[in-house]
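Notes for the one structure printed next.
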Amino acid sequence: MDLMLLFIGTVLVNNFVLAKMLGLCPFVGVSRSVENSIGMGMAVVFVIFLASVSGWFMDRYVLTPYGITYLRTLVFILLIAALVQLVETVMRKSFPALYRALGIYLPLITTNCVVLGTVILIMNKRFSLVEMLIYGLGSPIGFYVALFLISSIREQLALAKIPRAFQGAGIALITTGILALAFMGFSGMVRE
Amino acid sequence: MADAKTATHPGEGVAEPIAVPRPSRLKVWAQDFVNGVRAENPVLKLVLGLCPTLAVSTSVFNALGMGVAATFVLTGSNFVVALLRNFIPGRVRIPAFIVVIASFVTITDLSIAALSPELYEALGIFIPLIVVNCIILARAEAFAAKNPVTQAVADGLGMGLGFTLSLLLLGAIREVLGNGTVLGYPLFGESFSPVIVLVLPAGSFLVLGGLVAIFNLLQPPHKPQPAGLAGAEASASGGH
Amino acid sequence: MHPLLRLVGAITAICIGAAVALALVYSATKEPIAEQKRLKLLRSLRSVLPPFDNAIDRDTKELDLGVDTRGNPVTKAFYLAMREGKPVGTAFQMTAPDGYSGDIAILMGVDPEGKITGIEIVSHKETPGLGDKIVKESWRNQFKGKSLTIGRLDVKKDGGEIDQFSGATISPRAVVKAVKEGLKLYAKEFPDGRR
């Protein structure tokens, strides 16, 4: 039951985009169309889950035993960059259809702070294996949910008459703010 | 205006990338510097580096701390990348840049912990996350890798200052209105009731959205917007 | 040189350079970081305890309190404050697990008679502007001088003497509950005051 709460908490209450404010650059950049956001979202779920698992094992069996946890940032970002490269290669060779759908989003993921953020938070919170698996899945799904919602709204916004100054990033940010207000309704439901 | 800086040759080994009517060096540095603050302000114009901008701008102190930390990383990594630009093979340049940036971030992380535990606690996870601040990798790739060291440093300082100023502006608005204080000192009497939403995540989006719009208004329009949209609707602004 | 060799060579050189630089910075900042942590601890201890003159960060008593849900052993450090050789107070940390949006860590000081000498909120995740008023000094000062028998340690809504805030009762209630538990723990571990 605790694990279920952890999952819901990660997806809704402590949503990485709307409550923790991570992953905003791709969030504003890729959320113009629903199709793009689905592609980005799927790629992120895939990479974050793999990064969480490999990062956790790396931390537990290499960094902590040797007392070099101060290298975490460096090691994790390299791990993520390598992982993205690996996923891209494997996907292109073995799953060309999937690659055509997600391929262009993969390079963007290395510098998506949701990925590094999730991995670092998992280590900071000293999660167990199972908790890590759930958190590593919940965090990108939360990102996916937020991205999907905002892109659906922005597709409608494209048809609306918006003052020139607000076009593009301005209105996207304000819409996100309103969405974040709505998500505040979830706070207190599950504790962190 | 941005010509001097965008006169970048994709290949390596171009020592002086500045085109023919060569302005004085100082002018080039100044241009690179100002460019980062105004024309290409990373936050308000390019809308990059949003996560730290929004997350830690709840107070002036945090905003300043993050701004200085990011400027240090940006300038340092620009310096090293420009220094090594002819040494790093093109195919591994991104991993190489990442290693350089991550090292500077770790140095910053350790230094902040040693200097100010309060700031370290307030910035939290956003210190290591400077690594993935898109501004820094973008400047390494787009500018530092193609320009001499001095220009790269000027660019780093300018971009860093632009980032810091945007953060400070956001932090000041949020702290004054959302908390009624500046740097922790109360500004108004007891009767002032702060607009709490502004220090919450939701408020950060609203404030930055408004700032981006104001910044757009102040800039001369680069390219005409899709016809018909520009004039009439501007007056029909306000809420909906 | 073979291009691949140059590729690997360059990236290896950069990694080695980075590792050396980081190791240097790490060893240079290790001491100051530990010292900052110690100073911070001392600052908070001073704010919850009456004046003391011993090296309190070394005068501690570690107690085993069983294991947590993950099976890791839990120990709690009690900081023993002395002045001119006489005990003047004890400080220790309590965690309120039922804050509005997460744990609230509280440092509390208790004098030898079991009266609270001060509390401080070490960390919390309460809503800004609502629950986070628990960090205000005026609110925390209400705890001073109270004990399990002196004053009523409850929020006013529950018939006690501690203010709640309009719109936020959960956070103060959680702190009060944890402080009460702290007092009980103190009474159990130090049954005759502190000796």
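Worth pointing out:
- Each residue in segment A:126-170 was checked for being within 8 Å of another protein chain (Cβ to nearest Cβ) and touching a Lys or Arg at 6+ places or on another chain (Cβ under 8 Å), and 1 of them qualify.
- Among (1) surrounded by fewer than 23 Cβ atoms within 10 Å (Cβ to Cβ); (2) modelled with pLDDT of 90 or more - the single one B:Ala122 does not satisfy: (2)
- The residues listed here are C:Lys144, C:Lys86, C:Lys136, C:Lys61; of these, the one that is surrounded by fewer than 16 Cβ atoms within 10 Å (Cβ to Cβ) and touching a Phe, Trp or Tyr at 6+ places or on another chain (Cβ under 8 Å) is C:Lys61.
- Helices (runs of 4 or more DSSP H) completely within segment A:1-60 that count 1 or more residues being within 10 Å of the chain's Cα centre (by Cα): A:24-29, A:34-58
- Checking the stated criteria, A:Met123 turns out to be in a helix (DSSP H, G or I) and within 13 Å of chain B (Cβ to nearest Cβ).
Residues are listed down the side, and each one gets a yes or a no for (1) more than 30 Å from B:Pro201 (Cβ to Cβ); (2) out of contact with any Gly (no Cβ under 9 Å at 6 or more places or on another chain):
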position	(1), (2)
C:Gly99	no, no
C:Gly131	no, no
C:Glu137	no, yes
C:Thr149	yes, no
C:Asp154	yes, no
C:Gly160	yes, no
C:Ser166	no, yes
C:Leu183	yes, no
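- Positions within segment C:38-76 being in contact with a Leu (Cβ under 6 Å, 6 or more places away or on another chain), within 22 Å of C:Glu189 (Cα to Cα) and at pLDDT 85 or above, in sequence order: C:Val48
- Hey, A:Tyr99 at pLDDT below 90, more than 22 Å from B:Ala102 (Cα to Cα) and not polar (S, T, N, Q) or not: yes
- Hits in segment B:94-129 - residues which are more than 9 Å from chain C (Cβ to nearest Cβ) and under 20 Å from C:Ser123 (Cβ atoms): B:Asp109, B:Ile112, B:Leu119, B:Ala122, B:Leu123, B:Gly124, B:Ile125, B:Phe126, B:Ile127, B:Pro128, B:Leu129
- Segment B:149-180: number of residues that are charged (D, E, K, R) and in contact with a strand residue (DSSP E or B) (Cβ under 9 Å, 6 or more places away or on another chain): 1
- Within segment B:96-110, considering residues that are more than 19 Å from B:Ala152 (Cα to Cα) and of a type outside the set (Asp, Glu), the one farthest from the chain's Cα centre (by Cα): B:Leu110
- Pairs linking a residue in segment B:191-207 that is at the interface with another protein chain (Cβ under 7 Å from one of its Cβ atoms) to a residue that is assigned to a helix (DSSP H, G or I) and of a type in the set (S, T, N, Q), with Cβ atoms under 8 Å and 6 or more positions apart or on different chains, are B:Pro194/B:Asn179; B:Val199/B:Asn179; B:Phe205/A:Thr176.
- Residue within segment C:82-93 that is at pLDDT below 90, farther than 24 Å from C:Lys188 by Cβ and of a type outside the set (D, E, K, R) present: yes
- Within the span defined as segment C:47-55, every residue fails to be assigned to a helix (DSSP H, G or I), over 17 Å from the mean Cα position of the chain (by Cα) and farther than 14 Å from B:Asp109 by Cα.
- Of the residues making up segment B:75-93, those that are more than 7 Å from every other protein chain (Cβ to nearest Cβ) and in contact with a Leu (Cβ under 8 Å, 6 or more places away or on another chain) number 1.
- When residues of segment A:70-110 are limited to those that are surrounded by fewer than 17 Cβ atoms within 10 Å (Cβ to Cβ) and in contact (Cβ under 8 Å) with a residue 40 or more places away in the chain, the one farthest from the other protein chains (Cβ to nearest Cβ): A:Ala101
- Matching residues, segment A:1-25, being farther than 11 Å from A:Ala146 by Cβ and touching a residue at least 12 places away in the same chain (Cβ under 8 Å): A:Leu3, A:Leu5, A:Leu6, A:Phe7, A:Ile8, A:Gly9, A:Thr10, A:Val13, A:Asn14, A:Cys25
- B:Val80 being in a helix (DSSP H, G or I), of a type in the set (A, V, I, L, M) and at pLDDT 90 or above: yes
- Filtered residues of segment C:89-126 (kept if touching a Phe, Trp or Tyr at 6+ places or on another chain (Cβ under 6 Å), under 30 Å from B:Val199 (Cα atoms) and not in a loop (DSSP other than H, G, I, E, B)): C:Ile119
- Identity of the residue in segment A:172-189, assigned to a helix (DSSP H, G or I) and more than 7 Å from every other protein chain (Cβ to nearest Cβ), that ends up farthest from C:Gly99 (Cα to Cα): A:Ala172
- Residues in segment A:32-64 that are in contact with a Phe, Trp or Tyr (Cβ under 9 Å, 6 or more places away or on another chain) and under 29 Å from A:Glu155 (Cα atoms): A:Val34, A:Asn36, A:Ser37, A:Ile38, A:Gly39, A:Met40, A:Gly41, A:Met42, A:Ala43, A:Val44, A:Val45, A:Ile48.
- The number of residues in segment C:93-123 being of a type outside the set (Phe, Trp, Tyr), surrounded by fewer than 22 Cβ atoms within 10 Å (Cβ to Cβ) and within 14 Å of chain A (Cβ to nearest Cβ) comes to 7.
- Every residue from segment C:37-58 that is more than 22 Å from B:Leu115 (Cβ to Cβ) and surrounded by fewer than 14 Cβ atoms within 10 Å (Cβ to Cβ): C:Pro50, C:Pro51, C:Asp53, C:Ala55, C:Arg58
- Selected residue [farther than 26 Å from C:Lys40 by Cα and out of contact with any His (no Cβ under 8 Å at 6 or more places or on another chain)] from C:Ile119, C:Ile162: C:Ile162
The values are calculated or read from the model by the stated rules, or taken from the named source; none is laboratory data. Everything numeric here is computed off the predicted structure, so don't read it as measured data. Neighbour counts are summed over all protein chains in view; Cβ atoms, including those assigned to glycine, are modelled from backbone coordinates with ideal geometry.
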